[in-house]
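Q: Supplied in structure tokens, the structure appears directly below.
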There are 4 protein chains.
Amino acid sequence: MATQRKKLIIDTDGGVDDAQAIFMMLDSTVYDVIGFTCVRGNSGVNQVVRNVLKILTAADKLSIPVYAGCAFSILGQHVIQNSYQGVDGLGDCQSAEEPDVSILQREAATDVIIRLTKEHPGEITLMCIGPLTNLATALKVDPDFSCRLRDCYIMGGNYYGKGNITVSAEFNFHADPEAAYIALEQLRCPTTLVGWEVCEENGPTWDQYHQLRSFSGKRNQFLKAIEQKPVAFSIKQGWNYSPADEFLAACMLSPSEVVMETKHVYATVELGGKLTYGQMVVDWNKVLKKEPNLTIVTKIDKDTFFTALLNTAKSDI
Amino acid sequence: MATQRKKLIIDTDGGVDDAQAIFMMLDSTVYDVIGFTCVRGNSGVNQVVRNVLKILTAADKLSIPVYAGCAFSILGQHVIQNSYQGVDGLGDCQSAEEPDVSILQREAATDVIIRLTKEHPGEITLMCIGPLTNLATALKVDPDFSCRLRDCYIMGGNYYGKGNITVSAEFNFHADPEAAYIALEQLRCPTTLVGWEVCEENGPTWDQYHQLRSFSGKRNQFLKAIEQKPVAFSIKQGWNYSPADEFLAACMLSPSEVVMETKHVYATVELGGKLTYGQMVVDWNKVLKKEPNLTIVTKIDKDTFFTALLNTAKSDI
Amino acid sequence: MATQRKKLIIDTDGGVDDAQAIFMMLDSTVYDVIGFTCVRGNSGVNQVVRNVLKILTAADKLSIPVYAGCAFSILGQHVIQNSYQGVDGLGDCQSAEEPDVSILQREAATDVIIRLTKEHPGEITLMCIGPLTNLATALKVDPDFSCRLRDCYIMGGNYYGKGNITVSAEFNFHADPEAAYIALEQLRCPTTLVGWEVCEENGPTWDQYHQLRSFSGKRNQFLKAIEQKPVAFSIKQGWNYSPADEFLAACMLSPSEVVMETKHVYATVELGGKLTYGQMVVDWNKVLKKEPNLTIVTKIDKDTFFTALLNTAKSDI
Amino acid sequence: MATQRKKLIIDTDGGVDDAQAIFMMLDSTVYDVIGFTCVRGNSGVNQVVRNVLKILTAADKLSIPVYAGCAFSILGQHVIQNSYQGVDGLGDCQSAEEPDVSILQREAATDVIIRLTKEHPGEITLMCIGPLTNLATALKVDPDFSCRLRDCYIMGGNYYGKGNITVSAEFNFHADPEAAYIALEQLRCPTTLVGWEVCEENGPTWDQYHQLRSFSGKRNQFLKAIEQKPVAFSIKQGWNYSPADEFLAACMLSPSEVVMETKHVYATVELGGKLTYGQMVVDWNKVLKKEPNLTIVTKIDKDTFFTALLNTAKSDI
Ligand SMILES: [Ca+2]
Ligand SMILES: [Ca+2]
Ligand SMILES: [Ca+2]
Ligand SMILES: [Ca+2]
């Protein structure tokens, strides 16, 4: 019964990997996506809105409301220099037609997150697959709102100091380190995080990738189109296929099959540092004597993860 | 005509010096105080609400709406260790009776600031005499709101690196350095600041202070009571009488008489630093090649300032 | 032939684990220890001198010259709060009699390191098992001296951000982060490092530890005595036996048997950071586009390591 | 009697303003310059050596020994991007012929400073008019050496956070912030500092400058030649004539006439900070509860300062 499904808000920066992760969640029989909140990240927030509408068009799910969120990081940064996912943050794919932005909701992302948790206390799951600015701002306006969340899932950060945008920081955390700090320090609901190391180590092979994109269907063709640029670039660089948000989706959808190991720890974010600004800091040995605030996924099953991607590809007919 | 007066919102942390500054603004024929927004600072925000209600009780102005704002700094700090103004932030004075907090407005401070600037675009002056958390949060939720402000006045920061709470930082800025940074970087209306150096150098003598408190009247007796502890402590320490928020009030009320010199500069806030965290940084020589964002009051007329205090004391009958 | 052995200077802070590592190196047929330079670390440098003389007394090697080095870190820190190895940094063991400090050489550690590399250019190996202050100071006085070193081996730092003294930093690096930074940035000879993660993961079991200390002999009894306090404390805390300097010694003595994996990378030290001050930062993905400056030991053979300890214990008759 | 004069070592980075300051000290009947130690600053240390030899050639004082010092800052920075004093740091003046560098002493700067204080304990004044790297390195090698100094005079830093190279930092301190920190924290002799604010506010007029350079004489012609570039640039920018090292020289030579006000305070250097790295931090209100370590010159007599420059110009015949 759909009414029994868990209510899910997806907070996204509308990137290439967000698309596949969103498709995975939309297929779920466990979660019922009740809204998308957009946040500046791979591109400016207005472009993110357009990207999310394109993704929902490909999935025939424009009925789910989309909300615009923060246009700047907590400290005010706007554009992030990262051409990997294209200037538009969604692969600069020409084929996808421009969406009708008039269907964007008027309510601001932070307001809607706060309002919905008041209407459905303890029932909403928040899935964050972009910088954490919306979440942090909601925590500033209403410090208690997270007590009314069921739980929160985050893709971002790192636990061994391995960076993918700077030497020490992961993209989503580095895009708004203060927001990541606020989130980890002030969330008061069960929170689970998939960090960069898990993504880096468990990506499918390129053969597996091509198998995924061999299926027809509207969503698969959409993914193939938006992935063209980053995939070509990755192969040229000798990189692996390293999706990110999809790992979080898989861990949420099939925790018992995908997640092999987690650690319940105190973790925070370095806000100083010449090189480590935005790095996640994990207190493995309880040096700081703080209560654990985070469940980190440290090992996943690579094969089951690929199967999850494959199932999403196959379900698109 | 009262309707011609400039609409003023006072954002306050309800401290001892806030009280006298509020009395000064309430006497004004130029400004019409349309609301008070409370922010954690000298004490927790719930206590600040009580303090502001006490101040308004002494002024017979409980008709002006009071709103609660942020309970934590941007990065989440709660209590500030600073017993100077008392545990309650208002001199721990027993005589003032507990106010009726049921008259507190339900709307959150950030929401009301954003809403009122929409209802009265270009007409509202914001006067900030506490940490800048409410202002910064409003800028996060609605980055454009300050374009709808008439202007903004801030007591806080320093321009010669002289600290009064740490070696390098002034109290209001240090209480929320990130908020001060956000405010200076993202405000888009004319902004004037009175920093700590002006306060330190232009305080009245103790003789002058005692002259001020020789008047009767409900407000004067209230000020005398709440100032008892900090005044006794200051005299014991060999310190001068150094009110702070009152300087901003005097500069707003009598700019041509009180303000002797201003500088229009680019200024920001140090967010790193082992010693300088929260220090205001002024680019006197345009090294950073940024547009000026702030008018700093660098010299005031000491005598005219005292006269302003005296007039407020005399007006209380 | 002894004359064919590689000349070795051991730069040490005279701690409990330094003792066993020194015994291992003194047994070596590959290295010829030509001097000990002392550096403040587990205790003040004068105490370190006494500790090293005690260690050499136990090994009957007082003929090797000992030199005093830096008494303060680069930024001037003196005492390190870390009672784990005892107030004297050598287990507060009463039985070892006070050494005759009059045999301490007059020449300063930095001077002797510089001089010996001039006398034996390209022939000297430097083994650092304490904070890197002596090494950094020598690099300041004579930036070219390391070009005359054969190679340099360092126990210190971490490569996954795991701290053992702060949440993010390893003891030797944290004891003088600026020195560690100077060393990594300015050394111009092949440099190999064993970091904390290797030590944490590959310590012997307590059963194995007790087997080690079951042997008689002067050195073993000495080790047993100085290890008493830290071992008791570790067992009480539920910690493993985690020697540190011994891992570096084993890697130097039996590289082909002990070292299973190394990475040649650019690594440096975070000198800012609220939590990460002193953390080693490894540029795994060449984000900084710098030349590799360090060979990090990332995997060792646990069993062979224990065998190395065992051989040292057995050789003491 | 020359033998009664105070022994002076001048530690210099051989810049344009160093030249005039050196001429002032060479004329002194109070100080006897016994050596020059060179430090990287306005140019690399080898160029500094050449610059100092040129300056001494102009002054006919090649008999005073010159020593080369540190080629890199404490953290290893080499070249400072600051073309103001020319690529060679001495105005890129072609006329001055290349000096004979073979007369450079072999002894390193740090060694000679340490040795001379041992030979003449309590008799030597150290005058620092460049980055403080040599001084800091000497303090690392021999922490006690400054106890054997008579006193130390420093041109560098700032006390109101006014920068001349970055927004918050003065050139000499910013060129090696860690060295400045080490110097202020670890010097154990009376230390007097002239900071940037004094230089900025008390420079002669351009008319006065032209009066200074109207005199003939070898030194004046030399100064005129090396100052040509920076003077032309300053006039074009609308800047004042702001010599720096000369202020320190004047304060040392005529303290009672030139120095109008000093403050004895605790001061240190910010080593973190995004904007304030290298800023001097003065604890005006004893917030840090540390013993004063520095005498800061806060006011000088502008006219007497100019007279000092004039006297040096006139003495050159
Ligand atoms: Ca994303
Ligand atoms: Ca206030
Ligand atoms: Ca050691
Ligand atoms: Ca100079």
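Q: When residues of segment C:139-198 are filtered for being under 22 Å from C:TYR84 (Cα atoms), in a loop (DSSP other than H, G, I, E, B) and not polar (S, T, N, Q), how many remain?
A: Total satisfying the criteria: 11.
Q: Another question about this same structure. So, C:CYS199, is that one touching a Phe, Trp or Tyr at 6+ places or on another chain (Cβ under 7 Å) and either buried (at least 22 other Cβ atoms within 10 Å of the Cβ) or free of Cβ contacts under 8 Å to residues at least 60 places away in the same chain (or both) or not?
A: It is true that C:CYS199 is touching a Phe, Trp or Tyr at 6+ places or on another chain (Cβ under 7 Å) and either buried (at least 22 other Cβ atoms within 10 Å of the Cβ) or free of Cβ contacts under 8 Å to residues at least 60 places away in the same chain (or both).
Q: Regarding B:ASN46, is this residue crowded, with 22+ Cβ neighbours inside 10 Å and either outside any strand (DSSP E or B) or within 16 Å of ligand 4 (Cβ to nearest atom) (or both)?
A: Against the criterion (crowded, with 22+ Cβ neighbours inside 10 Å and either outside any strand (DSSP E or B) or within 16 Å of ligand 4 (Cβ to nearest atom) (or both)), B:ASN46 does not qualify.
Q: Could you identify the single residue in A:PRO177, A:PRO190 that is within 22 Å of C:GLY163 (Cα to Cα) and in contact with a strand residue (DSSP E or B) (Cβ under 6 Å, 6 or more places away or on another chain)?
A: Criteria check complete, one pass: A:PRO177.
Q: Out of all the residues in segment A:227-277, which are within 14 Å of chain C (Cβ to nearest Cβ), open to solvent by less than 20 Å² (accessible area, probe 1.4 Å) and in contact (Cβ under 8 Å) with a residue 60 or more places away in the chain?
A: A:ALA267, A:THR268, A:VAL269, A:GLU270, A:LEU271, A:THR276 - these are the residues of segment A:227-277 that are within 14 Å of chain C (Cβ to nearest Cβ), open to solvent by less than 20 Å² (accessible area, probe 1.4 Å) and in contact (Cβ under 8 Å) with a residue 60 or more places away in the chain.
Q: Which condition number does C:VAL39 fail, the rest of (1) within 16 Å of ligand 3 (Cβ to nearest atom); (2) within 14 Å of another protein chain (Cβ to nearest Cβ); (3) open to solvent by 10 Å² or more (accessible area, probe 1.4 Å) being met?
A: With respect to (1) within 16 Å of ligand 3 (Cβ to nearest atom); (2) within 14 Å of another protein chain (Cβ to nearest Cβ); (3) open to solvent by 10 Å² or more (accessible area, probe 1.4 Å), C:VAL39 is out only on (3).
Q: Could we say that D:GLY86 is touching a helix residue (DSSP H, G or I) at 6+ places or on another chain (Cβ under 7 Å) and either exposed (fewer than 14 other Cβ atoms within 10 Å of the Cβ) or not β-branched (Val, Ile, Thr) (or both) here?
A: Considered against the rule, which asks whether it is touching a helix residue (DSSP H, G or I) at 6+ places or on another chain (Cβ under 7 Å) and either exposed (fewer than 14 other Cβ atoms within 10 Å of the Cβ) or not β-branched (Val, Ile, Thr) (or both), D:GLY86 comes out as yes.
Q: Does at least one position in segment C:50-69 carry a residue that is open to solvent by 10 Å² or more (accessible area, probe 1.4 Å), under 25 Å from D:LEU75 (Cβ atoms), touching a residue at least 60 places away in the same chain (Cβ under 8 Å) and part of a loop (DSSP other than H, G, I, E, B)?
A: yes
Q: Another question, if that's okay. Could you check B:GLY163 against (1) surrounded by fewer than 24 Cβ atoms within 10 Å (Cβ to Cβ); (2) within 14 Å of chain D (Cβ to nearest Cβ) and say which number it fails?
A: (1)
Q: Can you confirm whether A:HIS174 is open to solvent by 10 Å² or more (accessible area, probe 1.4 Å) and under 17 Å from the mean Cα position of the chain (by Cα)?
A: yes
Q: Select from segment D:178-196 the residues that are closer than 23 Å to D:GLY15 by Cα, open to solvent by 20 Å² or more (accessible area, probe 1.4 Å) and more than 13 Å from chain B (Cβ to nearest Cβ) and list them in ascending order.
A: Of everything in segment D:178-196, just one residue is closer than 23 Å to D:GLY15 by Cα, open to solvent by 20 Å² or more (accessible area, probe 1.4 Å) and more than 13 Å from chain B (Cβ to nearest Cβ), namely D:THR192.
Q: Taking the stated definitions as given, is B:GLY122 within 30 Å of B:THR276 (Cα to Cα) and either within 16 Å of ligand 2 (Cβ to nearest atom) or surrounded by fewer than 23 Cβ atoms within 10 Å (Cβ to Cβ) (or both)?
A: In short, no.
Q: Can you tell me which condition A:GLN105 does not meet? The list is (1) surrounded by fewer than 19 Cβ atoms within 10 Å (Cβ to Cβ); (2) touching a Pro at 6+ places or on another chain (Cβ under 6 Å); (3) not in a loop (DSSP other than H, G, I, E, B), and all the others hold.
A: The number of the failed condition is (3).
Q: With B:ASP144, B:ASP100, B:ASP111 as the choices, which residue is in contact (Cβ under 8 Å) with a residue 40 or more places away in the chain, out of contact with any Leu (no Cβ under 9 Å at 6 or more places or on another chain) and charged (D, E, K, R)?
A: Of the residues listed, the single one that is in contact (Cβ under 8 Å) with a residue 40 or more places away in the chain, out of contact with any Leu (no Cβ under 9 Å at 6 or more places or on another chain) and charged (D, E, K, R) is B:ASP144.
Q: Kindly indicate whether any position in segment A:297-312 is crowded, with 19+ Cβ neighbours inside 10 Å, farther than 16 Å from A:PRO243 by Cα and within 14 Å of another protein chain (Cβ to nearest Cβ).
A: no
Q: Can you tell me which of (1) of a type in the set (D, E, K, R); (2) open to solvent by 60 Å² or more (accessible area, probe 1.4 Å); (3) within 14 Å of another protein chain (Cβ to nearest Cβ) is the one B:GLU98 doesn't meet?
A: (3)
Q: Another question about this same structure. Among the residues of segment A:279-317, which ones are touching a Gly at 6+ places or on another chain (Cβ under 8 Å), closer than 22 Å to A:ASN172 by Cβ and in contact (Cβ under 8 Å) with a residue 24 or more places away in the chain?
A: Hits for segment A:279-317 are A:GLN279, A:MET280, A:VAL282, A:ILE296, A:VAL297.
Q: Cβ contacts < 6 Å: first residue within 12 Å of chain D (Cβ to nearest Cβ), restricted to segment B:166-177; second residue within 16 Å of ligand 3 (Cβ to nearest atom) and at pLDDT 95 or above, any location; separation 6+ or different chain. Result?
A: none
Q: Another one. Kindly provide the set of residues from segment B:5-38 that are in contact with a Gly (Cβ under 8 Å, 6 or more places away or on another chain), farther than 15 Å from B:LEU53 by Cβ and in a loop (DSSP other than H, G, I, E, B), ordered by number.
A: Hits for segment B:5-38: nothing passes.
Q: In this structure, is B:GLN208 free of Cβ contacts under 8 Å to residues at least 12 places away in the same chain and either within 16 Å of ligand 4 (Cβ to nearest atom) or over 28 Å from B:LYS7 (Cα atoms) (or both)?
A: When the stated conditions are applied, B:GLN208 does not pass them.
Q: Within segment D:17-36, take every residue that is open to solvent by less than 10 Å² (accessible area, probe 1.4 Å) and within 11 Å of the chain's Cα centre (by Cα) and give me the one that is nearest to ligand 4 (Cβ to nearest atom).
A: Ranking the qualifying residues of segment D:17-36, first place goes to D:ASP18.
Q: Could I ask something else about it? Sort through B:GLY86, B:GLY91, B:GLY69 and tell me the only one that's under 18 Å from the mean Cα position of the chain (by Cα) and within 11 Å of chain A (Cβ to nearest Cβ).
A: Step by step, each of B:GLY86, B:GLY91, B:GLY69 is checked, and only B:GLY69 is under 18 Å from the mean Cα position of the chain (by Cα) and within 11 Å of chain A (Cβ to nearest Cβ).
Q: Next question, about the same structure. Across segment B:143-160, what is the total count of residues that are buried (at least 23 other Cβ atoms within 10 Å of the Cβ) and either within 16 Å of ligand 1 (Cβ to nearest atom) or within 11 Å of another protein chain (Cβ to nearest Cβ) (or both)?
A: 2
The values are calculated or read from the model by the stated rules, or taken from the named source; none is laboratory data. Nothing here was measured: the structure is a model prediction, and the numbers come from that model. Backbone-built Cβ (ideal geometry, glycine too); neighbour counts: all protein chains shown. Keep in mind that these areas ignore ligands, DNA and RNA; they rest on the heavy atoms of the full protein, side chains included. Shrake-Rupley method; radii C 1.70, N 1.55, O 1.52, S 1.80 Å.
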